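The values are calculated or read from the model by the stated rules, or taken from the named source; none is laboratory data. Model, not experiment: these values are computed from the prediction. All Cβ positions, glycine included, derive from the backbone under ideal geometry; neighbour counts span all protein chains shown. Note: areas computed on protein heavy atoms with side chains; ligands, DNA, RNA excluded. Shrake-Rupley method; radii C 1.70, N 1.55, O 1.52, S 1.80 Å.
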Amino acid sequence: MLEIKNVTKIFNAATINEKVALNGVSLTLQDGDFVTVIGGNGAGKSTLLNAVAGTYPVDGGNIVIDGVDVTKMPEHKRAKYVGRVFQDPMTGTAADMWIEENLSLAKYRGKRRGLGWSIKASDRAEFKELLKTLDLGLENRLSTKMGLLSGGQRQTVTLLMATMQKPQLLLLDEHTAALDPKTADKVLTLTKDIVEKNKLTTLMITHNMKDALRLGNRIIMMHEGRIIFEASGEEKQKLTVNDLLEKFSQVSKGTFANDRMLLS
Amino acid sequence: MLYLASLPPAIAQGIIWGIMAIGVYITYRILDVADLTVDGSICTGMAVCTVLIVKFDMPVWVGLAAAVVAGMLAGLVTGIFHTFFGIPAILSGILTQLILWSVNLKIMGGTSNVGYPFGVEYFISTESLSKTFLYFAIILALLIGLFYWFFGTTLGASVRATGCNINMSRAQGINTDFIKVLGLVISNSVVAFSGALLSLFLGFSDANAGKGAIVIGLAAVIIGEALFSRITRNNFALKLLSVVLGGVIYYMVYQTIIYLGLDTNYLKMLSALLVALFLAVPYWKKKYFKKAAKKEKEVAENA
């Protein structure tokens, strides 16, 4: 479903601030794989996701989604294949537009936007049904501005928007990191439900090791722009947070002291 | 009495500036781009309309239609500067404005002023105001209706989304570069159309008439919002109408100041300072009254 072949990305190349964010990363996701991505700050996790989404061009390698080489495809065209939820709850939705307008924008992801009325009565009914599944009472607030919702609510709606039109690939970039623990847990449970129900191929970055172990059938660990550890299936099931910490200190030669990861 | 007599023509001209302000609203508020093309494209509209009617003996509607097309081209140039050349929006607008200065003079045959023949009355004029107001009402109804429809379509919604959150728009598959160009094209077509109306109403075209048009447009938008936001709420058609009314109010205040005998050399300075002040208000509110804003949001969330 997703093939990342030897992808490199260098920021500020040939300057004193040169930073190799991705150093020849290769990763293949099978249809229905749910991969969690962990690693310290600056490990290249977000860069990897943004490279797949097309936020910026890569400096080398290829990215293939569902058999289509998208390496040179601009971000808005790639959106046809990719659903995304960002870390910042403000990023995923248009704050000044209504809930139903936001959902309508997502409904047309990857489709031609023309001069037809953007929200029809049938759409409204569909949106209501979808929102009901969230159990937040949002189905009665279709014409509320998105900006008036809490961070958790916005993130939930963003998740809905990313998946209401089944994407070939779902990219989650620490989408619960900005939420309080209780809300984060709710959003994560919903993520699990939606991914399982729709059998979505998913790449999820998280800082929380427990979440990384709890969710998904595969896990990868990144460090300095490379994938340094990978586990799947039963091997992943048996992993503990301590195993991960140990693996990390082995590869990074003891430099591991990311307090955010230790605390979680 | 003289003052009262000067009011109806002032209102009529205010409506024309208000129509221009709809164009400014589309870029400034909806697309979140400050487009300075306006100062040039309003004159392009004037020049194209006047020259076609006066020198080429075309019917009025051809002059108006050509002005709209010319405005579209002006917006297209700014859009290409901004998206394809990667020039910041404000600078792109200034560059086009400068280009248009030459173009407008060229259109007008090298002079900075072209008049309609005396004694010929077009469908709007200072002479028959009641007829003029009737036509304005029809034009406004059509224009506001058109935009109410357009911004409700999926394409129009993507223009609003691009102005609201560009990253999200790309993630939802919107070609934001195309949308920005489209928005600039639409906006400047409205501005040039208002320029054509202005030339018909005043009876001439002037290459200098556009100086400060963007400031008038912004003033109209801000006045309209400040005075009527409680009434317009979320109704888009009413919002556009409030912008037009903002233009009318601006121009009436302008006329009053002239009537009161203020040195007219100060007028542009005063409007600019007024707009600066109005633009500062939301910023100051955020900066110095943070608590109030936060509380407002909390109340809304719990509602």
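Okay, here's what the table says:
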| quantity | calculated |
| --- | --- |
| Highest average packing first - B:119-130, B:194-205, Cβ atoms within 10 Å | B:194-205, B:119-130 |
| Point-to-point label distance, B:Phe56-A:Arg124, nm (Cα→Cβ direction, 7 Å offset) | 4.7 nm |
| Listed peptides A:243-249, A:205-211 by packing density, highest first (mean Cβ within 10 Å) | A:205-211, A:243-249 |
| Principal axes of the range B:57-179: Cα extent on each, largest first, Å | 58, 35, 21 |
| Whole-Å semi-axes of chain B's equivalent ellipsoid (Cα gyration tensor) | 32, 24, 18 |
| Cβ-Cβ FRET estimate between B:Thr111 and A:Thr189, R0 fixed at 56 Å, reported to 0.05 | 0.15 |
| Neighbouring partner chain Cβ atoms per residue of A:103-109, average, 10 Å criterion | 5 |
| Relative contact order [Cα under 8 Å, 6+ residues apart], chain B, whole percent | 34 percent |
| Label point 7 Å beyond Cα of A:Lys19 along Cβ direction - residues of the range A:33-50 with amide nitrogen under 15 Å | A:40-50 |
| Highest-first arrangement of B:207-217, B:38-48, where packing means the average Cβ count within 10 Å | B:38-48, B:207-217 |
| Cα shape, chain A, gyration tensor, a/c 1.5 rule | prolate |
| Cα-projected label distance for B:Phe133 with B:Tyr3, points at 7 Å along beta-carbon direction, nm | 2.0 nm |
| For B:153-166, mean number of other protein chain Cβ atoms within 10 Å | 6 |
| Gyration tensor verdict on the range A:143-192 (Cα atoms; rounded if a/c is under 1.5, prolate if a/b is larger than b/c, oblate otherwise) | oblate |
| Using distinct alpha-carbon pairs, which all enter the 1/r mean, Kirkwood radius of the protein assembly as shown in Å | 26.5 Å |
| Loop-located chymotrypsin sites (Phe, Trp or Tyr not before Pro) in the range B:233-262, at most 13 other Cβ atoms within 10 Å (DSSP) | none |
| Buried area at the B-A interface (accessible, heavy atoms, 1.4 Å probe, summed, Å²) | 2500 Å² |
| Lysines whose Cα lies under 18 Å from that of A:Lys210, excluding same-chain neighbours fewer than 8 positions away | A:Lys45, A:Lys182, A:Lys186, A:Lys192, A:Lys236, A:Lys238, A:Lys247 |
| Apportionment of accessible area to carbon and sulfur, chain A, percent (1.4 Å) | 49 percent |
| Shielding by other protein chains, A:201-211, mean Cβ within 10 Å | 0 |
| Pair A:Lys72, B:Leu279: separation of 7 Å Cα→Cβ label points (nm) | 4.2 nm |
| For chain B, with +1 on Lys and Arg beta carbons and -1 on Asp and Glu, the positive-most of B:Ser92, B:Ile186, B:Thr154 along the dipole | B:Thr154 |
| Intensity falloff of the range A:125-172 expressed as log10 I(q)/I(0), Debye formula with alpha-carbon point scatterers, at q = 0.30 Å⁻¹ | -1.25 |
| Top of B:Thr153, B:Thr232, B:Thr256 by mean-square fluctuation, Gaussian network on chain B, Cα under 10 Å | B:Thr153 |
